[in-house]
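Read-outs throughout are calculated quantities, based only on the coordinates presented, and are distinct from any laboratory measurement. Remember, predicted model here, so these are calculated numbers, not experimental data. In this analysis, Cβ positions are derived from the backbone assuming ideal geometry, glycine residues included, and neighbour counts consider all displayed protein chains.
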Amino acid sequence: MIKELLSIFRSGNPLQELADRFTKIMDLAEAVTLEAGNVYFGEKPTTPEQRTAIHKQDVKVNKLERKIRKNVIAHLTISGNAVDLPYGLLLMSLVKDVERIGDYAKNLYEVAEIVETGLPDDDIVAELKEIRVGVEGMFREAGEVFSQSNREGAIDLINQGRDLAHRCDNLINRIARSEYHAGATTATVLGTRYYKRIGGHLLNILSAVVMPLHKLDYYDEDELPKDVGQ
């Protein structure tokens, strides 16, 4: 499915102009995620200017999502374009995932205000930093894997993402058993949860490379194609 959509993007079809917008919305969501991580882990001070910038970037993501959806609907209402319906549905699903990434990144940024003294300096936060590195690494690779319809690359990232999700679940259990005060507990649980959701929506996008439209967002091991890597 994704190969056909990408070929439409590159063929002079009216949907082609949406390719640049999809690339832009992915870049914006990644930038918001990186900036939110810097603030959440105390690598940058929280300032009113930063807060405004983050929210402006999130607004740009939301506006681009609505613009892409509007363009897809307009395209499909034109006589003769019904053949593009599956690709329109796919694109609308993908941009929704990107929009949700922007929302979770913004939420991550807002968590930094919960603990004014910063996060604890211990093994739990060290694990969360490793999860952050993993999610940001997936983001860097996902764009190229998606644009090239790289099935093996998508499978590798999906497996990495599932591992990160399991690590997030285990980390929340560790936090529940810790002696953190209420603020630290809230901040670390929310941070862990938001990184899991950002990773989850990246996996939804990657699933388009290996799954048919009706199985989009399903990437359990039993659902993945058996021909990859053989």
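Measure out, as a whole number of angstrom, how far apart the alpha-carbon centroids of the range 27-77 and the range 83-117 sit.
So the two Cα centres are separated by 8 Å.
Pulled fully out, how much extra length does the chain show between residue 178 and residue 190, if you take 0.36 nm times their separation in residues and subtract their Cα-Cα distance?
Between residue 178 and residue 190, full extension yields an extra 2.8 nm.
Which entries of 67/196; 44/67; 67/106; 60/196 have Cα-Cα distances beyond 30 Å here?
44/67
Apply 1/(1 + (r/R0)^6) to the Cβ-Cβ distance of residue 34 and residue 93, taking R0 = 25 Å, and write down the FRET efficiency to the nearest 0.05.
Approximately 0.55, to the nearest 0.05.
With a cap of 12 neighbouring Cβ atoms within 10 Å, and only residues DSSP puts in a loop, list the GluC sites (Glu not before Pro) found in the range 105-141.
Sites meeting the loop and neighbour criteria: 113, 116.
Charges only on Cβ, +1 for Lys and Arg, -1 for Asp and Glu: so what's the dipole of the range 45-189 about the Cα centre, in debye to the nearest 20?
My answer is approximately 820 debye.
Tell me the net charge near residue 34. Cut-off is 11 Å between Cβ atoms, residue 34 excluded, with +1 for each Lys or Arg and -1 for each Asp or Glu.
Summing Lys and Arg as +1 and Asp and Glu as -1 gives -2.
Show me the ranking of peptides 151-158, 57-64 by mean Cβ neighbours inside 10 Å, starting with the highest.
Peptide ranking by packing, descending: 151-158, 57-64.
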